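Please read the structure below before turning to the comments.
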Amino acid sequence: AMAILVTGGAGYIGSVATELLLTAGERVVVLDNLSRGHRAAVEPGAEFIAGDTRDRAVLQSLFRRHEIDTIMHFAAFALVGESVEHPALYFENNVNGTHTLLNAAVEAGVKRVIFSSTCATYGFPDRVPLTEDLPTRPINPYGLSKRMVEEILEWYAKAYDFRYVALRYFNACGATEAHGEDHEPETHLIPNIFRAVTGEGGPLKVFGDDYATPDGTCIRDYVHVTDLIDAHIRSVRYLREGGMSDYFNRGTETGNSVLEVIRAVERVTGGAVPYAFAARRPGDADRLVASSAKARDVLGWQPLKRDIEVVVNDAWRWHQAHPAGYGG
């Protein structure tokens, strides 16, 4: 029977994708090199292969042994700051890794790819909310690595008879009962607020208090990971039904400032969040909020968990059940 290949299935978003694909009745093969993922995050119902997207021999044997219907490609490094310090890592893993994966897929006759892209492909947007037709001007190696892959996909799809959907994520967050965020280092806002509220991390650093927003802190679009994966599953269906290659934003059209997220955590946990303002980070825009009109129209996608308190509540439940992450 046909299976879906989930690369990076031991990571945060890939593990939720694996869980929800299995729930939807799909067979799943997970490929992950475990450099940043957790073996314990891989659903037991999936077949797990420890391997790297840059390893041609591993890919060829995987495609020989399994009939892969569609690839969901999550495997990538995703830290903006790290990409500025170590661009080589990002071009090697994100671009070269995807290129090697696509070459093996084309050779094996795989016809469908769902690619995890990012709103970082837009850079500083000309207008908010962001629509998919805005120019792409990435301002860091991470965003550029994802944009380079999008361009490779465009040319490969024309030449090699496969179709793709690139999903440009805004801020993924939240959790399921089984899967949540366990990164080292943790750079995402909500888990870091939890560390502050439980006294694990010292006060939270809030980068910048003088942005052009109502409370002076950055506004971002927080999309619940289950809504994100619902869009992936709809994208698979869209391609299976003959849909054309395309780009879709993965956001909620709802923006929350850093201080609003802190307040939501205080309401959910009943604790006070100690925080201190720090200097702005280079490259942070005032507001990044997605238009999701295109995903609604074409994929029939509706984010169900748009309320930041619902997101925080789900994430907090997972954090309390796994205080030491997957190691606990």
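Numerical summary
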read-out	value
Options ALA285, PRO303, THR226, ranked by Cα towards positive dipole end of the range 201-322, top entry (Cβ charges)	THR226
Relative contact order for the chain, counting Cα pairs under 8 Å that sit 6 or more residues apart, in percent	18 percent
Helix 225-240 axis, angle to the chain major axis (alpha carbon atoms, nearest 10°)	20 degrees
Calculated FRET efficiency for the pair ALA157/ASP133, C-beta based, R₀ 25 Å, to 0.05	0.85
Nearest-20 debye value, the range 1-154 charge dipole, Cβ charges on Lys, Arg, Asp, Glu	160 debye
Cα gyration tensor category, rounded, prolate or oblate, for the range 1-66 with a/c compared to 1.5	oblate
Amide H within-cut-off set for GLY180, under 5 Å, with H built and near neighbours excluded	none
Beta bridges by DSSP in the chain, antiparallel share as percent, to the nearest 5	5 percent
Debye, to nearest 20: dipole size of the chain, +1 on Lys, Arg Cβ, -1 on Asp, Glu Cβ	420 debye
Quarter of the Cα convex hull surface for the range 266-328, i.e. its orientation-mean projected area (nm²)	7.5 nm²
Value in Å of the Kirkwood radius, where the range 3-120 supplies the Cα pairs that are averaged	14.3 Å
Karplus 3J(HN,Hα) series, Hz, for the range 158-167 with 6.51 cos²θ - 1.76 cosθ + 1.60 (x for Gly, Pro)	5, 8, 10, 6, 9, 10, 9, 10, 9, 9
Longest exposed-site-free window of the chain, the sites being trypsin sites (Lys or Arg not before Pro) in a DSSP loop that have at most 15 other C-beta atoms within 10 Å	128-279
Alpha-carbon centroids, the range 131-152 and the range 226-263: separation in whole Å	17 Å
Computed FRET value (nearest 0.05) for ALA212 with ALA57, which takes r as the C-beta separation and R₀ as 35 Å	0.10
Segment ALA178-ASN103, length gained on full extension (0.36 nm per residue, minus Cα span)	23.7 nm
Range of Cα positions in the range 185-272 per principal axis (Å), largest first	51, 30, 25
Selected from GLY123, GLY11, GLY283 as most flexible by GNM, with the chain as the system and alpha-carbon contacts under 10 Å	GLY283
Overall form of the range 174-328 per C-alpha gyration tensor (a/c, 1.5; a/b vs b/c)	oblate
Overall Cα dimensions of the chain, principal axis frame, Å, largest first	54, 44, 38
Straight-distance crosslink candidates among lysines, where the alpha carbon sits under 24 Å from LYS146 and sequence neighbours closer than 8 are dropped	LYS111, LYS158, LYS294
Among VAL128, VAL110, VAL236, residue whose mean-square fluctuation peaks in a GNM of the chain (springs only between Cα atoms under 10 Å)	VAL128
Gain upon complete extension [ALA272, GLU241; 0.36 nm per residue less C-alpha separation]	6.2 nm
Solvent-accessible area, 1.4 Å probe, carbon plus sulfur percent, for the chain	51 percent
Spin-label model distance (nm) - LEU34 vs VAL310, 7 Å beyond Cα toward Cβ	3.6 nm
GluC sites (Glu not before Pro) lying in DSSP loop within the range 89-182, provided at most 11 other Cβ fall within 10 Å	GLU177
LYS205-HIS86 pseudo-label distance in nm [points 7 Å out on the Cα-to-Cβ vector]	1.8 nm
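The values are calculated or read from the model by the stated rules, or taken from the named source; none is laboratory data. All values reported here derive from a predicted model rather than from experimental measurement. Positions of Cβ are backbone-derived with ideal geometry, glycine not excepted, and every protein chain shown enters the neighbour counts. All accessible areas refer to the heavy atoms of the entire protein, side chains included, with ligands and DNA or RNA removed. Shrake-Rupley method; radii C 1.70, N 1.55, O 1.52, S 1.80 Å.
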